[in-house]
1. What is the dipole size for the chain, taken about its Cα centre, with +1 at each Lys and Arg Cβ and -1 at each Asp and Glu Cβ, in debye to the nearest 20?
2. So for each of 253-263, 2-12 I average, over its residues, the number of other beta carbons within 10 Å; can you give me the resulting order with the highest mean first?
3. Tell me which lysines have Cα within less than 26 Å of Lys120's Cα, excluding those fewer than 8 residues away on the same chain?
4. Just how far, in whole angstrom, is segment 61-133 from segment 230-283 if you go by their alpha carbon centroids?
5. Would you please put 89-97, 241-249 in order of how densely packed they are, using the mean number of other Cβ atoms within 10 angstrom per residue and starting with the highest?
6. Nearest 500 deg cm²/dmol is fine: what mean residue ellipticity at 222 nm does the chain get from its DSSP H runs of n ≥ 4 alone, each adding -39,500 (n - 2.57), divided by its residue count?
7. To make sure I understand the rule: partners must be lysines, Cα under 21 Å from the Cα of Lys260, and not fewer than 8 residues away in the same chain. Which ones qualify?
Amino acid sequence: MKVSGFTIARNVVRADYPIKEAVTSILPLCDEFVIAVGKSEDDTLAYIKSWNIDKIKIIETVWDDNLREGGKVLADETNKAMAACSSDSDWLFYIQADEVIHEKYLPSIKESMEDNLALKQIDGLLFDYLHFYGTYDYVGDSRRWYRNEVRVVRANQGIISWGDAMGFRSAETQKLQVKHCKSEVYHYGWVKHPKHQQQKQKQFHRMWHNDTKMEKMVSKADEFDYSEIDSLKKFEGTAPKVMEQRVQSISWSFDFDLSKKNFSLKSAALYWLEKQTGWRLGEYKNFKEIK
């Protein structure tokens, strides 16, 4: 079984993405790893080259500003990275620059890839998500956070990155049939120094909106305000080993009253329903899970 990992990167140094931690967290499962590095305004390319990891193959790209709105450029770049993976790979493992896999899940992910390799009706593997917020002590606890996504897809089956590169579809834009691999993705996109988080917001929304809408969407403040959140819970687990240095060197603080729930009446009712039953009413799923 051959596995190719892949991701995209642009201006990741300026916004302090944990991309090295993301890549190295799944590297033990990969025979190669492709990083599509877009032309940046910071030292992203030099930073990634400095890792000097044999498994990593870098391709340099230029992002198409005509695909800016709706995040389409992210899928376009992700497809470039997928296309650069070896043609004889069996599985493609996608990781975004702010996602990390805890080492405790690597055996179960490998087992899922092996168990489903011969089952051609299975297009990919589905992961649960933990969305960290503010610091490494809190995770999102409301409907605003997506619960699952596909991060491993079958190679050479015409599968493409879809929408804003959050998920995948077949070349005919059909939803993938996937199996749950009983593993979690630790999403750290909302854990940065407030200055870096504000910079990330500017970069991110620029890939979604035109300049006029950007003026309305992103505050002109120097630092991001983490207090505007609806509900959080305490993270009780351990950090992935690749994240330990970041966790220990945190240089800002964020305290949150866990009893605080900033919900509308409707949101409060839906939150209660989900906590009582596990059912998320109206949940969008960009996949078909096969039990």
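Read-outs throughout are calculated quantities, based only on the coordinates presented, and are distinct from any laboratory measurement. Bear in mind the structure is a predicted one, so any value in this text is a computation, not a measurement. Cβ placement follows ideal geometry from the backbone for every residue including glycine, while neighbour counts extend to all protein chains displayed.
1. About 620 debye.
2. Final packing ranking: 2-12, 253-263.
3. Within reach: Lys2, Lys80, Lys110, Lys175, Lys179, Lys182, Lys285, Lys288, Lys291.
4. Cα centroid to Cα centroid, the span is 24 Å.
5. Highest mean packing first, the order is 89-97, 241-249.
6. It lands at -7500 deg cm²/dmol.
7. Reachable lysines: Lys233, Lys234, Lys275.
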